[in-house]
1. Using the basic label-point model (7 angstrom from Cα toward the beta carbon), what is the residue 214 to residue 298 distance in nanometres?
2. Kindly identify the stretch 202-398 as rounded, prolate or oblate by the Cα gyration tensor criterion: order the square roots of the eigenvalues as a ≥ b ≥ c, call it rounded if a/c is under 1.5, otherwise compare a/b with b/c, prolate if a/b is larger, else oblate.
3. Could you work out how far the C-alpha centroid of the stretch 54-117 sits from that of the stretch 122-153, in angstrom?
4. If you fit an axis through the alpha-carbon atoms of helix 42-55 and take the longest principal axis of the Cα set of the chain, what angle between them do you get, 0 to 90°, nearest 10?
5. Over the stretch 198-356, what is the relative contact order in percent, taking alpha-carbon pairs closer than 8 angstrom and at least six residues apart?
6. For residue 75 and residue 195, what is the calculated FRET efficiency with R₀ set at 45 Å and r taken between the beta-carbons, to the nearest 0.05?
7. Given Cα pairs under 8 Å that are at least 6 residues apart, what percent is the relative contact order of the stretch 4-81?
8. I need the shape label for the stretch 220-293. Rule: rounded when a/c is under 1.5, else prolate if a/b > b/c, else oblate, with a, b, c from the alpha carbon gyration tensor.
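Please treat every number below as a calculation from the coordinates, not as lab data. Remember, it's a predicted structure, so these values are computed and weren't measured experimentally. Positions of Cβ are generated from backbone atoms using ideal geometry, with glycine treated the same way; all protein chains shown enter the neighbour counts.
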Ligand SMILES: Cc1cc2nc3c(=O)[nH]c(=O)nc-3n(C[C@H](O)[C@H](O)[C@H](O)COP(=O)(O)OP(=O)(O)OC[C@H]3O[C@@H](n4cnc5c(N)ncnc54)[C@H](O)[C@@H]3O)c2cc1C
């Protein structure tokens, strides 16, 4: 058995540490690792990967641990907690190098200090940079700018066999493309070089109430043509089985479109009376979900199981999908749904999968379930599996950060045969001992 004293990085195996690493935000999967390593330098992280490769020990990276189905866990293996790798450095006037364990809040603070920001950010800034890049990273501006992985200059990484490399479109391009949105199969990301853009000073935020699913999705498509830069829908339970349909639509307060956008909103189909528009300082706009954990604790749902599902439907099937699934959300404690517009023509990362046929537009639905009583979690997981089958049958995809059980055949369907084979082959090459991503197995373990 491998002796952890030879690891080359500080490891802990006390019960509280192992228990904390044996759960995530989903509270559904509980795999106890053998130890947790929190490297204080990239060299220690590299040593830990090499140790695992040499001893064929499963290794899962943990960023902020917000996955919901054990994706950041390693049964009897090593959890590599990257929280200490969070340094930020400018490598050019518009490129910020960020340690993969940094939260997006850290990256935003460094960027804003120079008047810069990122084309796409998650709605919740307390996710890690490495964590969202593992899946692509979707934000309210993704309908214009694709996933976060489209805005990478380069990745500093260590492969599953312990090779330390810089990967970019021109250096190890295959590894670059198999690592961004690459489901942690081939490499551990140590740092990301992120392209930045000028930051606006303030955002004008419109909160539109709509009468139906049809009106909500049509408004997304219409507002995308009016100069809005950020769109996010939500569907919340209301009394008597009804739902509140909301579209948050924002744009820089000083953009010429900020005024032009107002008139068409007055005549939007299915618009109901709602709050007046607001102007928020840009930093406050980005941090608007900071109290999410507090709000979920207040509602008593933070520690409940969260079998969240993220499904991407071709636009032509999206209304029917939304109307079918919203019945599962009856009270605020049941959770809520989020809606993002996506556009295939604006997304370039190969492994960030969007529906391939027909309309270029699609909608990503986040089904953010809280499960009471917790024993109902199995029912919701079964329902997630059925929704995935229905989604796949109409050419849709999953966003794999959620709790949907996927078999190797499902992964082949999700990625398409060509990319599935390419990723499995890349894993065999860069992680020949198969140590990485035990919580995200694409094919049977060797
Ligand atoms: C409140 C909340 C809001 C969310 N909002 C968004 C959103 O706006 N947009 C969006 O796209 N997603 C969102 N998600 C989903 C989110 O993308 C995933 O849950 C993401 O993985 C969370 O990041 P994390 O740092 O917590 O990752 P973790 O759960 O720690 O890790 C996620 C996966 O990435 C792997 N990983 C992490 N770091 C590295 C690394 N450096 N190298 C290799 N592999 C690594 C892990 O092993 C694991 O498989 C949200 C989730 C929550 C709970």
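1. Spacing of the two 7 Å Cα→Cβ label points: 3.7 nm.
2. Details: a/c = 1.68, a/b = 1.26, b/c = 1.34.
The shape class here is oblate.
3. Answer, in whole Å: 13.
4. 60 degrees
5. Numbers: 219 pairs, mean separation 52.2, N = 159.
Worked out over the stretch 198-356, it gives 33 percent.
6. Numbers: r = 37 Å, r/R0 = 0.83.
Plugging the Cβ-Cβ distance into 1/(1 + (r/R0)^6) gives 0.75.
7. Values: 159 pairs, mean separation 29.6, N = 78.
Dividing the mean separation by the residue count of the stretch 4-81 yields 38 percent.
8. Oblate, since a/c reaches 1.5 and b/c is not below a/b.
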